[in-house]
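FYI, it's all coordinate maths here, none of it is from the lab. From a predicted model like this one, the values you see are computed outputs, not experimental measurements. Quick reminder, even Gly has a Cβ in these numbers, built from the backbone with ideal geometry, and neighbours come from all protein chains shown.
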C-alpha cells in the first residue's frame, strides 16, 4: 500500500516542476507571410457565364374546328426562351381543359 501514495506524490512533483517552466509557442518560419501558391482549382475563368434570355409566356398552337389557332398562357416564373411548356386550354365549360404543347416566348 505504500507505493500508491508515493506515486501520487511523484505525479504532483512532476506537474509542479512542469508548471514552473514558462509557456512557449512554437513558431515556424515557413513563409506564412507570403501569399498562397496559385493552384489549378483557382484558375480565373473570366467571370460568371452570360445570363440566358428568359420568358414568362407560353405560346402554343390550338387545334380547333376552324384549324390551328395561336394560344398563349402565362408561366408561373421565368423560363429559358425556346424551352417546351404546356398550356391548359379551355375547350368548353362542359369538358375539362386540354393540354397543348408550346414554346416559351418573351
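Numerical summary
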quantity	calculated
Pair residue 52, residue 99: separation of 7 Å Cα→Cβ label points (nm)	2.1 nm
Chain lengthening between residue 92 and residue 68 when straightened (0.36 nm per residue, less Cα-Cα)	7.0 nm
